[in-house]
1. Which of (1) closer than 19 Å to SER67 by Cβ; (2) surrounded by 14 or more Cβ atoms within 10 Å (Cβ to Cβ) is the odd one out, the single condition TYR86 does not satisfy?
2. Which residue pairs have Cβ atoms closer than 8 Å, lie 6 or more positions apart in sequence or on different chains, and pair a first residue in the stretch 32-51 that is touching a residue at least 24 places away in the same chain (Cβ under 8 Å) with a second residue that is among the acidic types (Asp, Glu) and not in a strand (DSSP E or B)?
3. Look through the stretch 89-108, keep the residues that are over 10 Å from the mean Cα position of the chain (by Cα) and under 19 Å from PRO45 (Cα atoms), and return whichever of them is surrounded by the fewest Cβ atoms within 10 Å (Cβ to Cβ).
4. Check ASP94 against each of (1) touching a residue at least 40 places away in the same chain (Cβ under 8 Å); (2) touching a Cys at 6+ places or on another chain (Cβ under 7 Å) and name the one condition it does not meet.
5. Restricting attention to the stretch 59-99, and to residues there that are part of a strand (DSSP E or B) and among the polar types (S, T, N, Q), which single residue is farthest from GLY114 (Cα to Cα)?
6. Identify, from the list CYS115, CYS51, the residue that is surrounded by 16 or more Cβ atoms within 10 Å (Cβ to Cβ) and either under 14 Å from the mean Cα position of the chain (by Cα) or part of a strand (DSSP E or B) (or both).
Amino acid sequence: MKRIGMAAVALVMSAGIAWAADPLEGYWRTAKDDNGNSGLIHVKPCGGALCGTLIKAYGPNGKEIKSDNVGRQIISQTKAEGGGAYSGKVYSPDRGKTYASRLQMSGNTLKVKGCVLGICRDGGTWKKVK
């Protein structure tokens with residue numbers, strides 16, 4: 001009986017590890033865009049990838065503003081490549097374009113870059129807030 005109990009504990013612990021959240025999951029404050037605006041992105045699983053939805057927008061002064069982009073997916077189809085690197089898609093509200101993204105996470109910072117038709121853009125560094 002003791003072996004069954006220990007086996008059950010081991011099974012539960014290993015299942016918990018398999019269900020651990022990806023380090024990219026959570027809330028991220030974006031860098032300021034060309035207009036000086038930034039946002040709060042909530043990253044969570046969607047299908048077999050990660051997606052990030054804009055949940056708040058901030059003006060150049062840092063105060064919350066209304067934006068038609070609240071509720072929009074800013075990052076999508078994002079998958080881990082190892083070593084804190086991710087690839088997928090990133091939408092830039094200030095330019096109205098979706099880019100192929102390269103994300104690099106280091107601790108609580110995320111460097112964001114995107115390219116479309118060979119033209120690349122530095123999306124700055126995002127900071128994890130939760």
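1. So the condition that TYR86 fails would be (1).
2. ASP33/ASP94; ASP34/ASP94; ASN35/ASP94; ASN37/ASP94; VAL43/GLU25; LEU50/ASP22; LEU50/GLU25
3. Top of the filtered list is ASN108.
4. Going through the list (1) touching a residue at least 40 places away in the same chain (Cβ under 8 Å); (2) touching a Cys at 6+ places or on another chain (Cβ under 7 Å), ASP94 breaks only (2).
5. The qualifying residue farthest from GLY114 (Cα to Cα) is GLN73.
6. Step by step, each of CYS115, CYS51 is checked, and only CYS51 is surrounded by 16 or more Cβ atoms within 10 Å (Cβ to Cβ) and either under 14 Å from the mean Cα position of the chain (by Cα) or part of a strand (DSSP E or B) (or both).
The numbers here are math on the coordinates, done by the rules we state, and not lab data. Since we're looking at a predicted model, the values are computed, not measured. Using ideal geometry, Cβ is built from the backbone for each residue, glycine included, and neighbour counts are taken over all protein chains shown.
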